[in-house]
């Protein structure tokens, strides 16, 4: 009798649900493997050096003691793409590096990093061209927007493909610098338009091929079990940055010309149209070739996981 009375009492007692083991709940919150400190140091130092170098060279090219005349504004407009893509690269690197230097929520710290970088870049550009206040303010705002747009690249949860893509973007910047030297020192053809077409067709394909291989090799060396989508994004990132910066540069050039040029000649309009068309074609070529090359290397060179092998054999 006493046993039957005790049984219901035991059934009505509240029971606590078993807690999930810590090792099962933790991987859901992990952001995946992170890039190593040597990678962050190299990316950070190269971004800082490239940003300082491109601003100084832009000032040496167009800076005037009494302000910019219309010719100087046109030279600045034609040279605007280089500081834009470097500012975007520096913003992305700052967003990637900041969470490793400052403790706190990763996305908030990353946003703080690329915002500070953008403000510092805009301030430096304004101080260099402060003789002409309108031009200096326009240039500073363009570079601030470029750094903020580039910093958004560092916000995804898995930073390893982003680091691989930024390594490939650094290689893309080196290629662009070498192409500029080649254009100024070597004559590839007697026809300037034919030479422009050669560099516009074949150079982006080669850039995309090398950038895709670079992104693949970085992810392969890290051995972070990155999926195919990560390889795809890493290979496409350099061309994607190039494409986005071309859009920003086209908007910035129109604003800059509207501020500092009264009337644009037909020759300048044609040259700008040709330059931007070449940039769009080159960026899309590099983006698709880089993504295809990285994914192709992933499928051909990496061993298949055991589950895939077992499913195929069954």
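The values are calculated or read from the model by the stated rules, or taken from the named source; none is laboratory data. Model, not experiment: these values are computed from the prediction. Neighbour counts are summed over all protein chains in view; Cβ atoms, including those assigned to glycine, are modelled from backbone coordinates with ideal geometry.
Just one of the numbered conditions (1) at pLDDT 90 or above; (2) touching a helix residue (DSSP H, G or I) at 6+ places or on another chain (Cβ under 6 Å); (3) under 25 Å from residue 296 (Cα atoms) is not true of residue 217; which one?
Condition not satisfied by residue 217: (2).
Being modelled with pLDDT of 70 or more and closer than 15 Å to residue 301 by Cβ is the requirement here; does residue 180 meet it?
Answer is no for this residue.
Can you tell me which residue among 260, 252 is touching a helix residue (DSSP H, G or I) at 6+ places or on another chain (Cβ under 8 Å), more than 30 Å from residue 38 (Cβ to Cβ) and surrounded by 22 or more Cβ atoms within 10 Å (Cβ to Cβ)?
252
Any idea which of (1) farther than 25 Å from residue 222 by Cα; (2) modelled with pLDDT under 90; (3) surrounded by fewer than 22 Cβ atoms within 10 Å (Cβ to Cβ) is the one residue 156 doesn't satisfy?
Checking residue 156 against (1) farther than 25 Å from residue 222 by Cα; (2) modelled with pLDDT under 90; (3) surrounded by fewer than 22 Cβ atoms within 10 Å (Cβ to Cβ), the one that fails is (1).
Which residue pairs have Cβ atoms closer than 8 Å, lie 6 or more positions apart in sequence or on different chains, and pair a first residue in the stretch 21-46 that is closer than 20 Å to residue 107 by Cα with a second residue that is modelled with pLDDT under 85 and exposed (fewer than 15 other Cβ atoms within 10 Å of the Cβ)?
Close Cβ pairs (under 8 Å, with a partner that is modelled with pLDDT under 85 and exposed (fewer than 15 other Cβ atoms within 10 Å of the Cβ)) amount to 31/157; 32/157; 33/225.
Yes/no matrix, rows are residues, columns are (1) modelled with pLDDT of 90 or more; (2) in a helix (DSSP H, G or I):
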{"position": "264", "(1), (2)": "no, no"}
{"position": "277", "(1), (2)": "no, yes"}
{"position": "288", "(1), (2)": "yes, yes"}
{"position": "303", "(1), (2)": "no, no"}
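Here are some residues: 96, 127. Which one is out of contact with any helix residue (DSSP H, G or I) (no Cβ under 6 Å at 6 or more places or on another chain) and in a helix (DSSP H, G or I)? Give the steps one after another, and end with the answer.
Numbers: 96 fails: out of contact with any helix residue (DSSP H, G or I) (no Cβ under 6 Å at 6 or more places or on another chain).
So the residue among 96, 127 that is out of contact with any helix residue (DSSP H, G or I) (no Cβ under 6 Å at 6 or more places or on another chain) and in a helix (DSSP H, G or I) is 127.
Considering only residues of the stretch 69-81 that are in contact (Cβ under 8 Å) with a residue 60 or more places away in the chain and closer than 9 Å to residue 58 by Cα, which is surrounded by the fewest Cβ atoms within 10 Å (Cβ to Cβ)?
Filtering first and then ranking leaves 80.
Per-residue answers, yes or no, for (1) in contact with a strand residue (DSSP E or B) (Cβ under 9 Å, 6 or more places away or on another chain); (2) without any contact (Cβ under 8 Å) to a residue 12 or more places away in the chain; (3) more than 26 Å from residue 135 (Cα to Cα); (4) not in a helix (DSSP H, G or I):
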{"site": "207", "(1), (2), (3), (4)": "no, no, yes, no"}
{"site": "211", "(1), (2), (3), (4)": "no, no, yes, no"}
{"site": "238", "(1), (2), (3), (4)": "no, no, yes, no"}
{"site": "244", "(1), (2), (3), (4)": "no, no, no, no"}
{"site": "252", "(1), (2), (3), (4)": "no, no, no, no"}
{"site": "269", "(1), (2), (3), (4)": "no, yes, no, no"}
{"site": "298", "(1), (2), (3), (4)": "no, no, yes, no"}
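Which of the helices (runs of 4 or more DSSP H) found entirely inside the stretch 22-87 contain at least 1 residues meeting this: under 21 Å from residue 147 (Cβ atoms), at pLDDT 85 or above and under 19 Å from the mean Cα position of the chain (by Cα)?
Details: elements: 22-29, 37-62, 70-78.
Those helices (runs of 4 or more DSSP H) span 37-62.
Report the residue count in the stretch 118-143 for those that are within 15 Å of the chain's Cα centre (by Cα) and without any contact (Cβ under 8 Å) to a residue 40 or more places away in the chain. Even if it seems obvious, please write down each step before you answer.
Residues of the stretch 118-143 within 15 Å of the chain's Cα centre (by Cα): 118, 143.
Now drop any that are not without any contact (Cβ under 8 Å) to a residue 40 or more places away in the chain, which leaves 118.
Counting residues in the stretch 118-143 that are within 15 Å of the chain's Cα centre (by Cα) and without any contact (Cβ under 8 Å) to a residue 40 or more places away in the chain gives 1.
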